[in-house]
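Here's the structure we're looking at; comments come further down.
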Amino acid sequence: MRLVYKFAIVTIAVISVLLVVAGCGSQSASPPPATEKVWTVSENPVTWKSDGLISDNEYTSHQKIGKVDVYSRVDGNTVIFGLVANTDGYLAIGIGAEQKMKGADILMCSMQDGQAVITEEYSAGPMGPHSPKDSGNVNISQISGSLQSGMMTIEVRRKMSPGGSQDKPLKIGENRLIWAIGDGLGHLHTSRGSGIVVLVR
Ligand code: HEM
């Protein structure tokens with residue numbers, strides 16, 4: 001083979017290797033892990049759809065409290081939540097806890113057979129027990145959820161200031177919530193904590 005052909009073949013081979021190493025080859029770049037995804041929020045949000053998936057500008061506020069991303073928007077006398085956490089067991093938020101879990105008005109969220117299930121619970125003591133409320137699930141509606149790549153997303157509308165004896169109100173501005181994630185309903189949380197969620201009108 002003439003020298004010029006040999007030189008051309010070697011050059012093409014070297015360039016091909018460099019392109020693959022640099023990520024410009026035929027392999028597509030893998031998407032970022034779902035845990036890194038943060039959606040934008042907006043003062044003028046798009047129409048909310050309870051489809052178990054959060055989209056850009058669907059919410060007006062976002063805070064990460066511990067391991068739970070809390071998206072929210074206020075609609076009349078209701079608050080709409082989009083909750084995201086790395087769990088396939090349960091994720092929960094609790095409103096109005098007085099000491100540890102005591103007095104918390106809890107939304108216990110899980111996915112069962114592809115459907116989001118939320119139970120309103122009330123914690124009688126600082127370490128529980130927390131049981132479904134006497135009044136049942138009366139403060140929530142439009143429940144949806146999804147489980148993708150280990151990330152659970154829950155969307156739900158909740159009354160802002162329900163008046164039952166086991167109900168705790170939310171308000172515009174800062175709200176202290178407790179949160180927990182766990183491997184399965186009825187199991188002690190694998191992580192828990194508290195944080196401030198800011199609701200904006
Ligand atoms: C599923 C059943 C649950 C059991 C058996 C349980 C049990 C307990 C126990 C024994 C403690 C004290 C020990 C510790 O700090 O880890 C505790 C603390 C705590 N739990 Fe739970 N819990 C449950 C669900 C929840 C839920 C759903 C939430 C949130 C909505 C929650 C929030 C918390 C918080 C924030 C603390 C720490 C309080 C503090 O130290 O300030 N727990 N829980």
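The values are calculated or read from the model by the stated rules, or taken from the named source; none is laboratory data. The structure presented is a predicted model; accordingly, all values stated were derived computationally and were not measured. Using ideal geometry, Cβ is built from the backbone for each residue, glycine included, and neighbour counts are taken over all protein chains shown.
A few notes on this one:
- Selection status of residue 69, outside any strand (DSSP E or B), assigned by TED's automatic domain parsing to the domain that holds residue 175, out of contact with any Asp or Glu (no Cβ under 9 Å at 6 or more places or on another chain) and more than 11 Å from the ligand (Cβ to nearest atom): no
- Test for residue 171: is it more than 22 Å from residue 84 (Cβ to Cβ), away from the ligand (no atom under 16 Å from the Cβ), at pLDDT 95 or above and charged (D, E, K, R): yes
- Restricting 80, 95, 106 to residues that are buried (at least 23 other Cβ atoms within 10 Å of the Cβ), among the β-branched types (Val, Ile, Thr) and closer than 15 Å to residue 160 by Cα narrows the list to 106.
- Any hit, the stretch 41-63, residues being out of contact with any Leu (no Cβ under 8 Å at 6 or more places or on another chain) and not in a loop (DSSP other than H, G, I, E, B): yes
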